[in-house]
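K.L.:
First the structure, then my questions, so here it is.
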Amino acid sequence: MKQTITATSPANGTAAATGYVKVDRFGAVRVVGVLQGATGDTLDVYLQASWDNGTTWFDIGHFAQLAAAAAVTTKTVTYAREQQNTTTVAIGSGASPALAANTFLGGEFGGLIRAYFVPGASTSAGASQTIHILGVDLR
């Protein structure tokens, strides 16, 4: 089953994409990000998961930082609940994401997944972002 998050990244200030994808019934998900740089500065795109129906969000992924006006690029990562994350990693939560760029955590990915955008300080216009989440029902 494919679900999609589509949003325009903000021109200033951080923001979550409107909406999220419900993934609680899937044993694994493939995430495909179709991303592009914003106007004027860099853009960071995070994936955040919630285990409490959207009250609290924690970083589970951070795509490589996009340069200003970067062309569309497509990146993919697969999450499986059985994967292990055996190293302590600094993460952020909610409006303060902190996971290092180009890092994706293995293992449990919660019941909901959303995108979170952090534009650089000189960003003057956002850009269209699309993140497909394809679930595999292994339960």
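The values are calculated or read from the model by the stated rules, or taken from the named source; none is laboratory data. Computed from a predicted structure; not experimentally measured. Counting neighbours? That spans all protein chains shown, and the Cβs are built from the backbone with ideal geometry, glycine included. Accessible surface areas use protein heavy atoms only, side chains included; no ligands, DNA or RNA. Shrake-Rupley method; radii C 1.70, N 1.55, O 1.52, S 1.80 Å.
K.L.:
When region 15-45 is examined, which residues are found to be under 13 Å from the mean Cα position of the chain (by Cα) and polar (S, T, N, Q)?
P.N.:
THR18
K.L.:
Tally the residues that are open to solvent by 30 Å² or more (accessible area, probe 1.4 Å), in a loop (DSSP other than H, G, I, E, B), modelled with pLDDT of 95 or more and under 25 Å from ALA69 (Cα atoms), restricting the search to region 15-39.
P.N.:
Going through region 15-39 one residue at a time, the tally reaches 1.
K.L.:
How many residues are open to solvent by 70 Å² or more (accessible area, probe 1.4 Å) and either of a type in the set (Val, Ile, Thr) or farther than 23 Å from THR4 by Cα (or both) if we restrict to region 105-131? Give the steps one after another, and end with the answer.
P.N.:
Step one: list which residues in region 105-131 are open to solvent by 70 Å² or more (accessible area, probe 1.4 Å), which gives 108, 121-122, 124.
From the residues that got through so far, the ones that are either of a type in the set (Val, Ile, Thr) or farther than 23 Å from THR4 by Cα (or both) too are 121-122, 124.
Here the count works out to 3.
K.L.:
So, one more: For region 1-14: of the residues being aliphatic (A, V, I, L, M) and more than 15 Å from the chain's Cα centre (by Cα), which is surrounded by the fewest Cβ atoms within 10 Å (Cβ to Cβ)?
P.N.:
Going residue by residue through region 1-14, those that are aliphatic (A, V, I, L, M) are 1, 5, 7, 11.
Within this subset, residues satisfying the condition of being more than 15 Å from the chain's Cα centre (by Cα) are 1, 11.
Working: MET1: 13, ALA11: 16.
Step by step, filter region 1-14, then rank; the result is MET1.
K.L.:
Restricting attention to region 71-87, report how many residues are among the β-branched types (Val, Ile, Thr) and either without any contact (Cβ under 8 Å) to a residue 12 or more places away in the chain or more than 17 Å from VAL29 (Cβ to Cβ) (or both). Please lay out each step first, then the result.
P.N.:
First pass over region 71-87, keeping only residues among the β-branched types (Val, Ile, Thr): 72-74, 76-78, 86-87.
Then keep just the ones that are either without any contact (Cβ under 8 Å) to a residue 12 or more places away in the chain or more than 17 Å from VAL29 (Cβ to Cβ) (or both); that gives 72-73, 86-87.
Within region 71-87, residues that are among the β-branched types (Val, Ile, Thr) and either without any contact (Cβ under 8 Å) to a residue 12 or more places away in the chain or more than 17 Å from VAL29 (Cβ to Cβ) (or both) number 4.
K.L.:
Yes or no: THR73 among the β-branched types (Val, Ile, Thr), modelled with pLDDT of 95 or more and surrounded by fewer than 16 Cβ atoms within 10 Å (Cβ to Cβ)?
P.N.:
Working: among the β-branched types (Val, Ile, Thr): yes; modelled with pLDDT of 95 or more: yes; surrounded by fewer than 16 Cβ atoms within 10 Å (Cβ to Cβ): yes.
Here the answer is yes, as THR73 does meet what is asked.
K.L.:
Just to check your reading of the model, which residue among ASN102, ASN85 is surrounded by fewer than 17 Cβ atoms within 10 Å (Cβ to Cβ) and at pLDDT 95 or above? Walk me through it before giving the result.
P.N.:
Working: ASN85 fails: at pLDDT 95 or above.
Of the residues listed, the single one that is surrounded by fewer than 17 Cβ atoms within 10 Å (Cβ to Cβ) and at pLDDT 95 or above is ASN102.
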